[in-house]
Amino acid sequence: MPFYFKKGDLVEINCDAIINASNVNLKMVEGVGRAIFHKAGDKELSNACKQIGHCDVGKAVVTPSFNLKNAKAIIHAVAPIYINGKHGEEKALRQTYQSVFKIALENNYKTLAFPLLSGEFNYPLRECYEVGLDEIKKFLKSHDDFKIYMVLFKNFPEIVSEDTQAKISKFILDQYKVIFGSPSNSKSSNEEFVKLVKEHQNALNISDEDLAFNSNYTPEELNQILTIKNDIPTKSVCYALAIGLKADEKFLKEMLLSLGYTSLNDDMSGLVTLYFLNLKIYDILKVNEVLFKYNVTPLGL
């Protein structure tokens, strides 16, 4: 399912298509739009957009990426300007994401990098994030070989409530332990790890497709993790699979030990994962939202 919500510079993401939050006239807008035009080439991209001329709200069009070499194309998406929520803004925003996905499917663009569409257009940040996330999840459910990034440089939505953040912070402080010595593993094979994963997966009757989706991997990535014997998975892989396998703390520690890792209490990603496992919340996107809040690399990446 891979979806990553991360801080950074959208125009630096290596992907098939970068999504530009555009206007109906397809002219350069401030913020990330200006950065996209500058890196692609103001003249070249402006001329390409001028030839198209217009794009309705809720629709999208595609142009070459020109000098923006880390992407094959730029998809210009016209999301709604927020008025008061009573003028069809949510419907138009959903249509905008759907229009981008239609272009991506038509052109076989498998890796997409979005800004927060409508986030610069007065839409309440939390609401437009939730709409975008919902549309992305629905798309990835039936297109699990895609990777989608939502990359923000500023204007971050409050994706974790103050109450949840306080509880997680207390859990981390209570559980954190400094571990001396090397954090690296001591195993040269992942056979024991793979056996553990497969046995647990079969016991819960979890398909490979569902395990990949719920662990934030493509099926191909999951297959590589479980078939390349001398490629030792990282601790982060264990955390992602623990969520996908609906594991408990005991099983997570068994996975780590099978690879020679002796602790998760010195690792922010591990402690956040453990917090959700203890609550039996097996939603990797919720885990990654918290990791985003702490500026930690998301699981599955």
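The values are calculated or read from the model by the stated rules, or taken from the named source; none is laboratory data. Here the structure is a predicted model, which means the values were calculated and not measured. Quick reminder, even Gly has a Cβ in these numbers, built from the backbone with ideal geometry, and neighbours come from all protein chains shown.
Is it true that residue 85 is buried (at least 19 other Cβ atoms within 10 Å of the Cβ) and either over 23 Å from the mean Cα position of the chain (by Cα) or not in a helix (DSSP H, G or I) (or both)? Judged against the criteria, residue 85 is not a match. Restricting 235, 253, 195, 167 to those that are among the basic types (Lys, Arg), loosely packed, with under 14 Cβ neighbours inside 10 Å and within 29 Å of residue 293 (Cβ to Cβ) reduces the list to 167. Contact map, region 277-296: first residue under 19 Å from residue 129 (Cβ atoms), second residue among the β-branched types (Val, Ile, Thr) and exposed (fewer than 15 other Cβ atoms within 10 Å of the Cβ), Cβ cut-off under 8 Å, separation 6 or more or different chains; pairs are 291/297. Of all the listed residues (21, 17, 73, 35), the sole one being over 30 Å from residue 290 (Cβ atoms) and buried (at least 17 other Cβ atoms within 10 Å of the Cβ) is 73.
Filter region 221-260 for residues that are of a type in the set (Lys, Arg) and within 17 Å of residue 300 (Cβ to Cβ); which is modelled with the lowest pLDDT? Only one residue fits best here, namely 235. Kindly evaluate residue 147 against the criterion of being among the basic types (Lys, Arg) and buried (at least 21 other Cβ atoms within 10 Å of the Cβ). Here the answer is yes, as residue 147 does meet what is asked. Screening residue 190 against (1) farther than 19 Å from residue 300 by Cα; (2) touching a residue at least 60 places away in the same chain (Cβ under 8 Å); (3) not small (Gly, Ala, Ser) leaves a single unmet condition, (1).
The residue pairs whose first member lies in region 1-21 and is among the polar types (S, T, N, Q), whose second member is surrounded by fewer than 22 Cβ atoms within 10 Å (Cβ to Cβ), and whose beta carbons are closer than 6 Å, counting only pairs six or more residues apart or on different chains, are 14/70; 20/33.
Does any residue of region 70-88 turn out to be of a type outside the set (S, T, N, Q) and in contact (Cβ under 8 Å) with a residue 60 or more places away in the chain? Within region 70-88 (the criterion being of a type outside the set (S, T, N, Q) and in contact (Cβ under 8 Å) with a residue 60 or more places away in the chain), the answer is no, since none of the residues qualifies.
Taken as a whole, the condition of being without any contact (Cβ under 8 Å) to a residue 40 or more places away in the chain and either touching a Pro at 6+ places or on another chain (Cβ under 7 Å) or within 29 Å of residue 135 (Cβ to Cβ) (or both) applies to residue 237. List the residue pairs whose Cβ atoms are under 7 Å apart, where the first residue sits in region 247-274 and is on the phi < 0 side of the Ramachandran plot and without any contact (Cβ under 8 Å) to a residue 24 or more places away in the chain, the second is assigned to a helix (DSSP H, G or I) and surrounded by 16 or more Cβ atoms within 10 Å (Cβ to Cβ), and the two are 6 or more positions apart or on different chains. Pairs found: 256/235; 256/238. The conditions of being farther than 16 Å from residue 24 by Cα, among the basic types (Lys, Arg) and surrounded by fewer than 16 Cβ atoms within 10 Å (Cβ to Cβ) are not met by residue 50.
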